[in-house]
Amino acid sequence: MKIGIIGVGHIGKTLAIKLAAAGHDVWVANSGSPENINTEVLATGAKAVTAEEAIQDKKVIILSIPLNRIPDIQPLFAAVPEHVTVIDTSNYYPARDQIIESIEDGLVESLWVQGQLGRPIAKAWNAIGSQSLEINGTPSGTAERIAIPFAADRESDSTITKQLIEDTGFDAFYSGSLEDSWRQQPGAPVYCTDLTLTEIESHINTAEREHLPARRDLAVAAIMERMNSATANPDADFALRLSRALYL
C-alpha cells in the first residue's frame, strides 16, 4: 500500500520502519522540513517528504502527532478523498494537550478527532507503549502474541487497519465502532497492558468509563514523579507494570 505518516515521534517512527520493512511504500513527514527527519526512520525504505506530499495519492494516512495538534493539520485534508483510510494513533492527556472541554465533558477522543478532521477515521496503535511496539512484534501464529485493539466505523477502514497491525507484528482485535473506542483510551484495561487476543476479549467489556480519567491521571502522576516530566517515556518494564496495576 501507499502509506503516508505524519509525525515521527516514538510511534510514528516505529510505524515507518516496520511498515516499510513489511513491503509497503511509506512516505513520512514531520512538523519541519524533510531534511530534519532522522535517517534511522528511513533505514528500511521510508521516504522523507513534506506533510503535503505525505497525504497525496495515498491509500492510507497515519496520524502520529499529539492530539492537540490535530486541528492544525485539518486544512491538509480538504483534498484527501473520502475513500482514503485515515488512522489516528493519538490519546488525550490534559497535562500535555491542555484541557479540551468537550472531551472533559465525555466526548470520545476518536469522535473529537473525527470531528476536527471532518472525515471518517480509524483508531489504532494508541493502546500500546512505544517500546512495546518497537520490540515485541512477533510472526503471526506465535504463542502468546500481543494484540492491539482498533476501532473503525467503515468496513474498508477496518480491513486495512487490521492488516497493517498484523504487518507490524501484532494480532489485531476489533474493539468496535468509534463510539465505543473509549474502551481503548488511557485508563482502560486494554490500554498499554500488552494482552493477547483472548485476554483483550476477556477484559474489553470490563472498562468502567467514569473511572478512566482518574486512572489515567494517576499513571501520569506516577510517571512524573519517576521521570520529572509529563511527556517523557519511562522504561518499558515500569510502564507495563504501572498500567497493569492501575488499569486491569
Along its three principal axes, how long is the chain when you only count alpha carbons? Whole Å, largest extent first please. 42, 42, 38
Taking θ as phi - 60°, what are the ³J(HN,Hα) couplings along the range 30-35 by the Karplus curve (6.51, -1.76, 1.60), each to the nearest whole Hz, with x for Gly and Pro? 10, 7, x, 9, x, 5
Using a 7 Å offset from the Cα along the Cα-to-Cβ direction at both R119 and N136, what is the distance between the two label points in nm, to one decimal? 3.2
Aspartates and glutamates within cross-link reach of K13: Cα-Cα under 13 Å, excluding same-chain residues under 8 positions apart? E40, E134
Using only the Cα atoms, work out Rg/Rh for the range 189-244, with Rh taken as the Kirkwood radius, to two decimals. 1.01
Give the angle, between 0 and 90 degrees and rounded to the nearest 10, that separates the Cα long axis of helix 236-247 from the longest principal axis of the Cα atoms of the chain. 60
May I ask for the angle, rounded to the nearest 10°, between helix 212-227 and the longest principal axis of the chain, with both axes built from Cα atoms and the value confined to 0 to 90°? 80
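Over the chain, with every protein chain in place, what whole percent of the accessible area is carbon and sulfur at 1.4 Å, could you tell me? Write down the numbers at each step before the final one.
Details: 5390 of 10960 Å².
Exposed carbon and sulfur together represent 49 percent of the surface.
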For I62, what residues show an amide H to amide H distance below 5 Å, using hydrogens built from the backbone and excluding near sequence neighbours? G4, I5, I6, I87
At 7 Å along the Cα-to-beta-carbon direction for both Y174 and T206, put a label point, then send me their distance in nm to one decimal. 2.5
If you plug each phi of the range 5-12 into the Karplus form 6.51 cos²θ - 1.76 cosθ + 1.60 with θ = phi - 60°, what whole-Hz ³J(HN,Hα) values come out, in order, with x for Gly and Pro? 10, 9, x, 10, x, 4, 6, x
Farthest positive-ward along the range 63-149 dipole, Cα basis, beta-carbon charges - from L63, L111, P94: L63
Under the Karplus relation 6.51 cos²θ - 1.76 cosθ + 1.60, θ = phi - 60°, what is the ordered set of whole-Hz ³J(HN,Hα) values for the range 171-182, x standing for Gly and Pro? 5, 10, 10, 6, 8, x, 6, 4, 4, 9, 6, 4
Rounded to the nearest 10 degrees, what's the angle between the helix 155-167 long axis and the longest principal axis of the chain, both from Cα atoms, 0 to 90? 80
Inverse mean reciprocal Cα-Cα distance (Kirkwood Rh) of the range 76-186, Å: 14.8
Once you have the Cα-Cα distance between L107 and H10, take 0.36 nm times their residue separation minus that, and quote the gain in nm to one decimal. 32.3 nm
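Contour minus end-to-end for Q74 and T44, with contour as 0.36 nm per residue of separation and end-to-end as the Cα-Cα distance? Write out the running numbers ahead of the final one.
Numbers: separation 30, 0.36 × 30 = 10.80 nm, distance 2.90 nm.
Stretched fully, the Q74-T44 segment lengthens by 7.9 nm.
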Over the Cα atoms of the range 1-96, what radius of gyration and what Dmax do you get, in Å? 12.5, 37
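Return one whole number: the accessible area per residue of the chain in Å², for a 1.4 Å probe. Walk me through the intermediate numbers first.
Details: 10960 Å² over 248 residues.
Ligands and nucleic acids excluded, the result is 44 Å² per residue.
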Across the range 125-248, what fraction of all alpha-carbon pairs, as a whole percent, falls in each successive 5 Å bin from zero upward? 2, 12, 21, 23, 20, 14, 7, 2, 0
What net charge do the residues around G23 carry, taking every other residue with its C-beta under 14 Å from that of G23, with Lys and Arg at +1 and Asp and Glu at -1? 0
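The values are calculated or read from the model by the stated rules, or taken from the named source; none is laboratory data. All values derive from a computational prediction rather than experimental measurement. Please note: Cβ atoms are built from the backbone with ideal geometry, for glycine as well, and neighbour counts cover all protein chains shown. When the accessible area is computed, the model is the full protein with side chains, heavy atoms only, and any ligands, DNA or RNA have been set aside. Shrake-Rupley method; radii C 1.70, N 1.55, O 1.52, S 1.80 Å.
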